[in-house]
1. Karplus couplings for region 146-154 from phi (6.51 cos²θ - 1.76 cosθ + 1.60, θ = phi - 60°), rounded to Hz, Gly and Pro as x?
2. Expressed as a whole number of Å, what is the distance separating the alpha-carbon centroids of region 191-234 and region 1-62?
3. One quarter of the convex hull surface, Cα atoms only: what value does that give for the chain in nm²?
4. Would you kindly state how much longer the chain becomes between residue 229 and residue 129 on full extension, computed as 0.36 nm times their sequence separation minus their alpha carbon distance, in nm to one decimal?
5. Do you know the relative contact order of the chain, to the nearest whole percent, from alpha carbon pairs under 8 angstrom that are 6+ apart?
6. Roughly speaking, what is the stretch gain from residue 8 to residue 26, that is 0.36 nm per residue apart minus the C-alpha to C-alpha distance, in nm to one decimal?
7. With θ taken as phi - 60° and the coefficients 6.51, -1.76 and 1.60, list the Karplus ³J(HN,Hα) couplings across region 199-209 in order, rounded to whole Hz; mark glycine and proline as x.
8. Given points 7 Å out from each Cα along the Cα-Cβ axis, report the residue 161 to residue 222 separation in nanometres with one decimal.
Amino acid sequence: MTSSKVDATQLNDADLAAHLAHCAGQILCNVRASGLFSPKALGKAGDQTANQFLVHALREARPDDGLLSEEEKDNSERLNQSRVWIIDPVDGTREYGEERSDWAVHVGLAINGVPAVGAVALPGLDGGIVIRTDRSQAVPPPPAKLRMVVSRTRPAPEAVAVAEKIDAELVPMGSAGAKAMAVILGQADIYLHSGGQYEWDSCAPAAVALAHGLHASRIDGAPLIYNQEDTYMPDLLICRREHAEKVLDAIRAA
C-alpha cells in the first residue's frame with residue numbers, strides 16, 4: 001500500500017498554505033460532526049483543535065519563519081523575521097458553532113509586511129473549497145446594482161452610509177474570510193469593514209484578493225502592512241479595482 005503522507009517541507013508556500021487550510025477545515029468539520037459539543041463549546045473546541053494542528057504543522061514545515069495566530073500567545077521574535085505566517089484557525093467562530101456555512105480558515109504568509117501568499121478554506125461551502133493565491137480565477141462581472149457584503153450581526157455604520165451613497169445592496173454574511181471570498185466568487189462586489197479586526201482576520205483574504213486582481217487596502221486607501229507590533233488592523237476594503245475610487249470617495253464623504 002502506498003503512503004498518502006505529505007512531506008510539507010517539500011511543498012512550495014502556496015501549496016503548503018492551501019494544504020493546511022484544507023486539512024484544518026476537515027478537522028473542524030469532524031469536530032462539529034462529532035455531536036459532542038454545545039454551540040458555545042463547539043467554537044472553542046474547534047478553535048483550539050485547528051490551532052494546534054496549524055501551529056505544529058507550520059513549525060515543522062517552516063521552522064525558520066515567524067508565526068502569528070489568533071489562538072496562540074504572540075511572540076515578539078516574529079518582528080525580526082521577514083517571512084511570517086499569519087493564521088486564523090476559525091474565522092467566524094460564531095457561524096461555525098451555529099453550524100452555518102459562512103466561516104473560514106485563513107493561512108496567510110506576509111513577506112516584508114506584504115500579504116504575499118495565502119489560502120482561504122470555506123469548508124462549509126459546496127462540500128468545501130479552498131481559494132488560493134496561485135490559482136486565480138476570473139471574477140464574475142458585477143450586476144447593475146452593486147452588492148456590499150457586511151456583518152450579519154453588526155454592520156459597520158460606515159459601510160451602511162457608503163452603501164446608501166453609492167446605491168449598493170447590503171448582503172449580510174458571517175466571517176471576514178467568507179465575505180472577502182464572496183467578492184471573488186461573484187456573490188458580492190464590495191467588502192467594507194471598519195471597527196475591529198486584527199491581522200489574522202485579513203492577511204490571507206487580502207493576499208488571495210490581490211492575487212485575483214482585486215483592490216485590497218485600508219479604508220483610507222493606505223496599503224495593508226502586516227507583522228506589526230500592534231496587530232490591531234480595524235478596517236479593510238476589498239472590491240473590484242474599477243469600484244475602488246468610487247468607494248474610497250464615498251468613505252471620505254461619509
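1. Listing the rounded values in order: 5, 10, 10, 8, 9, 4, 7, 10, 8 Hz.
2. The two parts, judged by their Cα centres, are 24 Å apart.
3. Working: hull surface 55.5 nm².
Its average projected convex-hull area is 13.9 nm².
4. So the extension gain works out to 32.8 nm.
5. On the way: 539 pairs, mean separation 45.3, N = 254.
Relative CO of the chain lands at 18 percent.
6. Details: separation 18, 0.36 × 18 = 6.48 nm, distance 1.72 nm.
Extending this stretch completely gives an extra 4.8 nm.
7. Result, rounded to whole Hz: 4, 5, 6, 10, 4, 5, x, 5, 4, 5, 4.
8. Each label point lies 7 Å from its Cα, and together they span 1.8 nm.
The values are calculated or read from the model by the stated rules, or taken from the named source; none is laboratory data. Here the structure is a predicted model, which is why all the values come from computation and not from measurement. Reconstructed Cβ throughout: ideal geometry from the backbone, glycine too, with neighbour counts over all protein chains shown. Side chains included, ligands, DNA and RNA excluded: accessible areas come from the protein's heavy atoms. Shrake-Rupley method; radii C 1.70, N 1.55, O 1.52, S 1.80 Å.
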